[in-house]
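S.K.: I am attaching a structure below and will ask some questions about it afterwards.
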Amino acid sequence: MMPASDSNALDRQLAYGIFRPTLGVNILVHGAGRIFGPGADAFATTTAAEFSKTALPAGMVHAFLFIVPFAELVLGVLTMLGLFTRWTLALGALLIATLVFGTAMRSDWTTVGVQMIYAITYYLLLLNRDYNRFSLDTLLARSRQLRS
């Protein structure tokens, strides 16, 4: 039988190994749905209209919103696989922070609340990255150790 401390560590690793890819799939599908659904430009144009009454420059808003689905797609894949996890989570958190800023400028507090759940999710994953056992990062690190 496994000592309690080993069992707890494995539980944390399993929890992380399920939570991280779940976020990755969510973010990946956000991006893919926007790119392969209406298209990135249609998404950007439609969403940018919601910012027309804010002080944000329309061209900058449209350009940012055009990039968002591609960033979501890439960050979603990397998060799902657990590759470059520290920087992927940090960039995902910064993307969410930017989205919170824009949404707050629109005074859409319901959406800001949902976005804050994503911010907390990124925070928790980054904070608990020590438990990132089931990932490409760990696989690559082990491979490097074996070659050394």
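The values are calculated or read from the model by the stated rules, or taken from the named source; none is laboratory data. Given the structure is predicted, the values throughout are model-derived calculations rather than measurements. With ideal geometry, Cβ positions are generated from the backbone for all residues, glycine too; neighbour counts draw on all protein chains shown.
S.K.: In the list GLU72, GLU50, which residue meets the criterion of being more than 30 Å from ALA9 (Cβ to Cβ), more than 12 Å from the chain's Cα centre (by Cα) and not hydrophobic (A, V, I, L, M, F, W, C)?
M.R.: Numbers: GLU72 fails: more than 12 Å from the chain's Cα centre (by Cα).
Matching residue, one of GLU72, GLU50: GLU50.
S.K.: Would you point out which residue out of LEU94, LEU99, LEU78 is more than 30 Å from ASP6 (Cα to Cα), crowded, with 18+ Cβ neighbours inside 10 Å and at pLDDT 95 or above?
M.R.: Numbers: LEU94 fails: crowded, with 18+ Cβ neighbours inside 10 Å; LEU78 fails: more than 30 Å from ASP6 (Cα to Cα).
Matching residue, one of LEU94, LEU99, LEU78: LEU99.
S.K.: Can you pull out every residue in the stretch 81-121 that is assigned to a loop (DSSP other than H, G, I, E, B), farther than 17 Å from ASN26 by Cα and of a type in the set (A, V, I, L, M, F, W, C)?
M.R.: Let us first name the residues in the stretch 81-121 that are assigned to a loop (DSSP other than H, G, I, E, B), namely 82-84, 106-108.
Adding the requirement that they be farther than 17 Å from ASN26 by Cα leaves 84, 106-108.
Matches in the stretch 81-121: PHE84 only.
S.K.: Moving on. Got a number for residues in the stretch 1-40 being of a type outside the set (A, V, I, L, M, F, W, C), over 22 Å from GLY92 (Cβ atoms) and surrounded by 14 or more Cβ atoms within 10 Å (Cβ to Cβ)?
M.R.: In the first step, residues of the stretch 1-40 are kept if they are of a type outside the set (A, V, I, L, M, F, W, C); the result is 3, 5-8, 11-13, 16-17, 20-22, 24, 26, 30-31, 33-34, 37-39.
Next cut, over 22 Å from GLY92 (Cβ atoms) only: 3, 5-8, 11, 38-39.
Adding the requirement that they be surrounded by 14 or more Cβ atoms within 10 Å (Cβ to Cβ) leaves 38.
Qualifying residue count, the stretch 1-40: 1.
S.K.: Using the structure shown, decide if PHE70 is on the phi < 0 side of the Ramachandran plot and in contact with a helix residue (DSSP H, G or I) (Cβ under 7 Å, 6 or more places away or on another chain). Explain how you work it out, then say what you get.
M.R.: Numbers: on the phi < 0 side of the Ramachandran plot: yes; in contact with a helix residue (DSSP H, G or I) (Cβ under 7 Å, 6 or more places away or on another chain): yes.
Considered against the rule, which asks whether it is on the phi < 0 side of the Ramachandran plot and in contact with a helix residue (DSSP H, G or I) (Cβ under 7 Å, 6 or more places away or on another chain), PHE70 comes out as yes.
S.K.: Please go through the stretch 34-57 and pick out each residue that is touching a helix residue (DSSP H, G or I) at 6+ places or on another chain (Cβ under 8 Å) and either closer than 19 Å to SER135 by Cβ or in a helix (DSSP H, G or I) (or both).
M.R.: Matches in the stretch 34-57: ARG34, ILE35, ALA40, ASP41, PHE43, ALA44, THR45, THR47, ALA48, PHE51.
S.K.: Conditions: (1) out of contact with any Asp or Glu (no Cβ under 7 Å at 6 or more places or on another chain); (2) within 22 Å of LEU124 (Cβ to Cβ). ALA55 meets all but one. Number of the miss?
M.R.: (2)
S.K.: Consider SER5 against the criteria (1) touching a helix residue (DSSP H, G or I) at 6+ places or on another chain (Cβ under 8 Å); (2) among the small types (Gly, Ala, Ser); (3) closer than 19 Å to ARG133 by Cα: it satisfies all of them except one. Which criterion is unmet?
M.R.: So the condition that SER5 fails would be (1).
S.K.: With the condition kept exactly as written, say whether any residue in the stretch 16-28 is in a helix (DSSP H, G or I), modelled with pLDDT of 95 or more, within 23 Å of LEU73 (Cβ to Cβ) and touching a His at 6+ places or on another chain (Cβ under 6 Å).
M.R.: So the first thing to find is which residues in the stretch 16-28 are in a helix (DSSP H, G or I), and the list is 16-28.
Going one step further and asking which of them are modelled with pLDDT of 95 or more, we end up with 16-28.
Okay, now just the ones that are also within 23 Å of LEU73 (Cβ to Cβ), so 16-28.
Among the residues that remain, those that are also touching a His at 6+ places or on another chain (Cβ under 6 Å) are: none.
Looking through the stretch 16-28, none of the residues is in a helix (DSSP H, G or I), modelled with pLDDT of 95 or more, within 23 Å of LEU73 (Cβ to Cβ) and touching a His at 6+ places or on another chain (Cβ under 6 Å).
S.K.: Here is a further query. Hey, does the stretch 136-146 have a residue that's in contact (Cβ under 8 Å) with a residue 60 or more places away in the chain, within 28 Å of GLY17 (Cβ to Cβ) and assigned to a helix (DSSP H, G or I)? Before you say what the answer is, go through the steps one by one.
M.R.: Taking the stretch 136-146 first, the residues in contact (Cβ under 8 Å) with a residue 60 or more places away in the chain are none.
No, the stretch 136-146 has no match at all.
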